[in-house]
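Read-outs: derived from the displayed coordinates by stated rules, not from any lab. This structure is a prediction, so every number in the text was calculated from the model and none was measured. Glycine also receives a Cβ, built like all others from the backbone with ideal geometry; neighbour counts cover every protein chain displayed.
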Amino acid sequence: MGCRVRRLLACVALALGSFVAACGGGSTSVVALDDDASVADAGNDAETDATVPTDAPQTPDASDAAATDAGPDAIACTPLVVDAALVDGMIVGLPSSSVVVSPPVVTPQVSVTPPANHFQKQVGVLNLSPTIADAQSVVHMLAPMGMPYAITTSPVLAIQHDMAIFFPEATASSFDATALQLLTQYVQGGGVVVMKYSEVAALKTLGGVASSTFRLEHHGVDLTAAGKALFPSLDRPEEQHIPLGGDPGVYLNTWAMDLDPAATATTVIATFDDGKAAIVEHKVGAGVVYTFGVDWRDVVLRNQLGHAIDATRGYINLFEPATDAWMLMLRDLYDARVRFGVRLHTAPAGSRGSLLLSHDLDWGASYDNAIQFMRDEAALGVNATFFVHTKYVTDSQDTAFFGPERAAQLATLLAGGGSIGSHTVAHSPVLHTFPVGDGTEAYPAYAPFNVSLAQTTGATLFGELRVSKSLIDPALAGRCAPHETLTFRAGNLEYHAASPQTMERLGYRFDSTRAVGDVLSNFPFRAMTDWPDALDTSVFEFPVTLEDQLAPRLDQRVAAALAVVAANADNGAPTTLLVHPNVLDYKENALKAIVQGLPAGVKAMGVEAFGAFWRARDAATLSFINYDDSTKTLTLTLTTPLAAEGLTIRVSPQVSSVKSPAGVTLVTGTSGNFVVLPPLAAGATLTITLGYI
Ligand SMILES: [Zn+2]
């Protein structure tokens, strides 16, 4: 055995499941180190440090220690020689691990925020339903926008904040006379209320609305001229007309409002397709009230769940912000009305937006080609996530190609800065019909077989997720490149309704399977169990917006692709691009042209790298914000439970300097300034003092 003792410890610490790493030997034969492996190993340490938060099984600290202690010549763990072969159409003898199947995970759902954790610059979310989880749709707008919020069932607590959202609709018992009086004073004094239409007379009066007609047949919402002025983020036609979907038989609940003739200073912000008011603004004293005639559970959660009742304007390769628009409305109101409001920016390290690069490796030749794409990307200073189809069963689709030679190729991709995700075992066009399975699926007994495009036998959802991971990580460990597969994309962007909770049980964190036309969103969101439960999971979805397979060829629509990236970047939203490395040539040229042509301030990176940023950002909290007009200083505190890189806080354009701490920088922009934080360790709390004009 050629292993150094210290590296042996690292191998044991980092190997997953029951797989015996190269240093563990057993009956496996070993060969001497080659140069590839050394490069792979060093590269992976860097990648692990950058992207794996510290609550992961492999901690950055452990990784660091291994690399530092071992010294430059001791990173030479010995690559595994695998004796695998194609037998009866199946590749047998591959190393595999036993991927842990957690019990069903109960991700914390939306809950009341303890009063001690409230502060004025949060959005006060007043949940008006007996079920606190009904605030979920509001959280699914505020959390992606990075807006701090506190959820309460107390009207009085809700209006301790500069901006309040009331949801769902109020009933007569929601507010007593005292609360209504305080509410009126709050708005007159400059408060902002955003609420769903309800039949409570005092709220209608406050909103400048007389009545509404429920459930007329509506298929879209259009901003009026006043709406376009109010929501500067919604500056494109696709954002100013928001489709609601449906047909004469099935359509969403809406409340078409009539203005209160007694009210002054009312303005219709948006109308339904019959011209009736969909959003009404009512200025009251120094404050303002917005009443919405839609239910955000329909126009946000339903879309994210993939049940948009045909609201989409296309499937993929288009700018489709129908879900995002509702979030951007709240963000624009917050930015305009909350003095010194702060929120976590949606792109890392002060960038304006992001292009998420990804490749799906769907046949044997794709592996070599992928290395060329990785090198192209490294030369451009960017990286990508490579989704690996671990096909080891020959069937009607293809000959098995996930042989032992793939290990070195995957290690090379990692070493060059790429990240590796799973792209299933079978790549079946009918994944959505698979039984869930029981989590015991394991290589090589699990043998999914595509009989035809319409039939796959022997496959389960658990099998596709678990067995692919059980092959990828040992293949990399065998090349001295410890790895945990965290990211998934199904073949053909096939979505199984039980995928989020099943991914969660297998340790996946990021999914990039939904086409933008299925969810009408470019912002990542927390994947949910299927309707009607719609429970949040810990898995984040990164919708796929651009791809390379539909006509015309990608190199002939670079400008169109960049236009979508630009439209999203204007909102701070990422755009995910999928390029299959089945062909080099024009696809390489297209990818280079897209990366080199990115709009100013847009950075490209892999789905997994962005995922790590997004996950840490989601867990981070802005916990205190205060300002002092005598010293012109703004103080805020951020706590991050996970190690975080690139966290960026959007602040008012008036903020002009960073007073402390060192390492925090200010980037000025046209629609606000960005405070860029240094890399933060898990559990870090940072108090930031800013100066303003
Ligand atoms: Zn594929």
To the nearest 10 degrees, how steep is helix 324-337 against the longest Cα principal axis of the chain, on a 0 to 90 scale?
50 degrees
tail above 19 Å in the computed P(r) of segment 620-692, as % of all Cα-Cα pairs, reads 30 percent
Degrees between helix 461-477 axis and first principal axis of the chain (Cα, 0 to 90, nearest 10):
60 degrees
Report, to the nearest 10°, how far helix 35-51 tilts away from the longest principal axis of the Cα atoms in the chain, using its own Cα long axis and a range of 0 to 90°.
20 degrees
Rounded, prolate or oblate (a/c below 1.5 giving rounded, otherwise prolate when a/b exceeds b/c) for segment 237-382 by Cα gyration tensor
oblate
Give the long-range amide H neighbours of residue 149: residues separated by 5 or more places, or on another chain, with amide H under 5 Å away, using H modelled in the peptide plane at 1.01 Å from N.
123
Ordered by fewest other Cβ atoms within 10 Å, a rough proxy for footprinting exposure, 428, 198, 468, 657 read 657, 198, 428, 468
Mind sorting 446, 508, 495 by how few other Cβ atoms lie within 10 Å of their own Cβ, fewest first?
495, 446, 508
In this model, which of 204/228; 196/276; 204/283; 391/469 are farther than 18 Å apart at the alpha-carbon?
204/228
Taking H placed 1.01 Å from N in the peptide plane, check which residues at least 5 places from residue 604 or on another chain put their amide H under 5 Å from its amide H.
355
Cα gyration tensor of the chain, axes a ≥ b ≥ c as square roots of the eigenvalues: rounded (a/c below 1.5), prolate (a/b > b/c) or oblate?
prolate
Gyration tensor (alpha-carbon) shape descriptor, segment 140-215, a/c threshold 1.5
oblate
Rank the residues 615, 466 as a footprinting-exposure proxy: fewest other Cβ atoms within 10 Å of their Cβ go first.
615, 466
